[in-house]
Amino acid sequence: GCVLVVSVIEQLAQWHNSTIKAAVERLCNYIPGKYQIMHHMPCCIDREMNADVVCHSLKLCKQDPGQPFCHLYSPPKVSWFSTFFSKVWIKNFMMFSSVCSFPLLANLCEKIKYVMRNKLPFEDFDGDKFSTFPTLRGYHWRGRDCNDRNTTMYPGRRPDNWDVKSDSNCNGIWGMDPKDGIPYEEKFCKDAGSQGVMLLGDSAGAHFHIPPEWMTVTQMSAKSFTNLPMAFSDELDWPQFSEITGFLNSTIGGWTDSLYLRLRQRNRCNHRDLQNISQNGMLKWSVIQTLKMYFPINMAAYLSSSLARDQLLDNPAIVIYATIGNDVCNGNRDTLAHMTTPKEMLSNVLQALQYLDSRLPNGSHVILTGLVDGRFLWDNLHDRYHPLGQLNRDITYSQLYSFLDCLQVSPCSGWLTSNETLRNLTSERALQLSNVLKEIARSEKFTNFDIFYMDFPLRQTAEEWRKMGGEPWQLIEPVDGFHPSQIAAALGTSITWQKALHEWPQVLGKENPFNDQIEAIFKDQGGH
């Protein structure tokens with residue numbers, strides 16, 4: 001975290017031909033008020049010293065005995081251990097070596113820790129797991145609650161008495177047609193086969209994204225950081241633009257296309273029936289939340305606290321089970337020893353499916369998504385310049401991956417490495433785990449849902465993007481060099497939808513013939 005921040009400050013000074021102090025002030029002016037923690041950065045950073053030197057001198061980076069010296073930049077030619085730093089500066093900065101130790105951010109950090117621990121909305125007055133607040137696991141992650149003081153009103157439920165008096169399922173359809181006395185919900189949705197969509201996933205499903213303009217000084221302005229508070233409160237995830245549950249127009253490049261939007265277009269009665277209960281993994285709270293460590297998710301335990309579905313009161317749902325990387329990705333030096341085994345995968349997934357069978361309404365569907373082949377990452381990025389290295393052409397993704405691996409915070413040591421043998425072994429394990437999922441879908445039967453399998457469509461996505469004139473590297477998040485980009489998410493939706501239409505049409509349900517009438521009434525009533 002220190003290396004990233006100091007790198008930006010030094011590059012700002014270089015780009016604007018200013019002092020370090022002026023660069024710190026410039027960055028502070030860019031960042032929204034209460035997030036202006038950079039005032040505590042020492043003004044005496046020497047522009048001739050790279051960020052590794054500065055951060056080691058400040059003792060925010062250290063080299064433990066017997067461990068390698070971790071550096072992002074090439075080591076300086078002269079010894080830097082004698083570099084003098086004012087003890088006062090070091091003491092003052094060490095007081096604020098954690099983002100969450102800043103008084104103005106402490107309250108927000110506690111809220112974020114709460115939602116990460118409980119995987120539930122922070123603002124949820126009636127306790128139904130839905131919220132009227134966007135972030136902190138609110139309606140960016142689940143359909144927006146329409147009455148947060150009434151536990152019987154929430155997205156996805158079957159209508160209460162056809163919603164004659166109130167909108168119990170929050171899909172915007174309620175009341176009675178004055179022409180014939182038939183409730184709108186009954187007239188438009190009774191035989192429509194309404195169903196929701198849920199994603200059980202990892203950071204790719206949550207749509208992890210760090211805006212590159214936060215680190216690219218040639219593009220940096222106050223506008224670059226306007227989304228910082230929202231991003232921080234959403235754990236640096238953007239589920240509102242994601243492949244499965246996205247519903248807002250993308251503001252992070254590309255465009256939004258999602259399974260939810262397509263289901264809603266197919267049947268307007270599905271409005272707001274979405275849940276993204278993906279989990280990033282373990283966050284390092286001692287620095288700005290940019291680096292993540294991954295671990296296999298105990299999905300059954302995770303679901304028991306997070307899933308919002310009543311088997312008797314709610315509509316069926318399409319559940320996408322897509323932990324496409326967590327089971328083979330970790331930051332350990334002996335990464336292979338920490339990967340999920342096929343036996344563990346079988347046990348974990350069956351436990352999760354058995355739990356789903358006890359909670360999902362009859363007529364639901366579950367789609368298991370195979371793991372990605374992450375060799376795509378190194379093959380397409382390793383010799384390209386990272387956003388931090390574009391100004392001086394001095395940091396490639398290969399260097400970034402080595403730095404994170406040295407620190408043991410790599411999102412995936414098995415794939416983000418120059419070791420081709422290790423990359424191949426990681427993909428081999430990923431294929432073994434995908435075959436476990438495929439066999440489960442072929443052989444297992446459940447009472448309340450049918451089950452399907454599909455490969456993660458990375459190859460098809462890359463082919464489609466090439467046809468559109470794009471380059472493969474554009475399908476990867478530029479800052480972390482690991483997650484699918486907004487473009488990849490949108491294209492993936494189209495590929496998944498076409499596969500479902502051709503192979504599992506029963507999963508998607510039928511077109512609602514009343515969609516145009518529903519939209520016309522909404523328009524007449526002010527568009528709500």
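The values are calculated or read from the model by the stated rules, or taken from the named source; none is laboratory data. Here the structure is a predicted model, which means the values were calculated and not measured. Glycine also receives a Cβ, built like all others from the backbone with ideal geometry; neighbour counts cover every protein chain displayed. For accessibility, only protein heavy atoms count, side chains too; no ligands or nucleic acids. Shrake-Rupley method; radii C 1.70, N 1.55, O 1.52, S 1.80 Å.
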**Item:** Residue satisfying all of: in segment 324-358; of a type in the set (Ser, Thr, Tyr) and open to solvent by 10 Å² or more (accessible area, probe 1.4 Å); nearest to residue 302 (Cα to Cα) among these
**Value:** 355
**Message:** I'd like to check something: does segment 132-140 contain any residue that is open to solvent by less than 10 Å² (accessible area, probe 1.4 Å) and farther than 29 Å from residue 31 by Cβ?
**Reply:** no
**Request:** For segment 1-38, name all the residues that are farther than 21 Å from residue 55 by Cα, of a type outside the set (S, T, N, Q) and at pLDDT below 95.
**Result:** 30, 31, 32, 33, 34
**Complete:** Of the residues in segment 115-129 that are at pLDDT below 80 and of a type outside the set (S, T, N, Q), the one that is least open to solvent (accessible area, probe 1.4 Å) is 116
**Request:** Please enumerate the residues belonging to segment 193-235 that are open to solvent by less than 10 Å² (accessible area, probe 1.4 Å) and among the aliphatic types (A, V, I, L, M).
**Result:** 197, 198, 199, 200, 206, 210, 217, 231
**Asked** Just wondering, is there one or more residues in segment 166-177 that are open to solvent by 50 Å² or more (accessible area, probe 1.4 Å), part of a loop (DSSP other than H, G, I, E, B) and among the β-branched types (Val, Ile, Thr)?
**Response** no
**Asked** So is residue 437 open to solvent by less than 70 Å² (accessible area, probe 1.4 Å) and either without any contact (Cβ under 8 Å) to a residue 24 or more places away in the chain or within 21 Å of residue 454 (Cα to Cα) (or both) or not?
**Response** yes
**Asked** How many residues does segment 234-263 hold that are outside any loop (DSSP other than H, G, I, E, B) and touching a Phe, Trp or Tyr at 6+ places or on another chain (Cβ under 8 Å)?
**Response** 7
**Asked** Would a scan of segment 459-469 turn up a residue that is open to solvent by 30 Å² or more (accessible area, probe 1.4 Å) and outside any helix (DSSP H, G or I)?
**Response** yes
**Neighbours by Cβ (under 7 Å, 6+ apart or cross-chain): first from segment 153-172, free of Cβ contacts under 8 Å to residues at least 12 places away in the same chain and at negative phi; second in a loop (DSSP other than H, G, I, E, B) and surrounded by fewer than 19 Cβ atoms within 10 Å (Cβ to Cβ)** = 160/152
**Request:** Identify, by number, the condition in (1) surrounded by 13 or more Cβ atoms within 10 Å (Cβ to Cβ); (2) modelled with pLDDT of 60 or more that residue 110 doesn't meet.
**Result:** (1)
**Prompt:** Is there a residue being at positive phi, loosely packed, with under 15 Cβ neighbours inside 10 Å, at pLDDT 60 or above and not in a helix (DSSP H, G or I) anywhere in segment 56-63?
**Reply:** yes
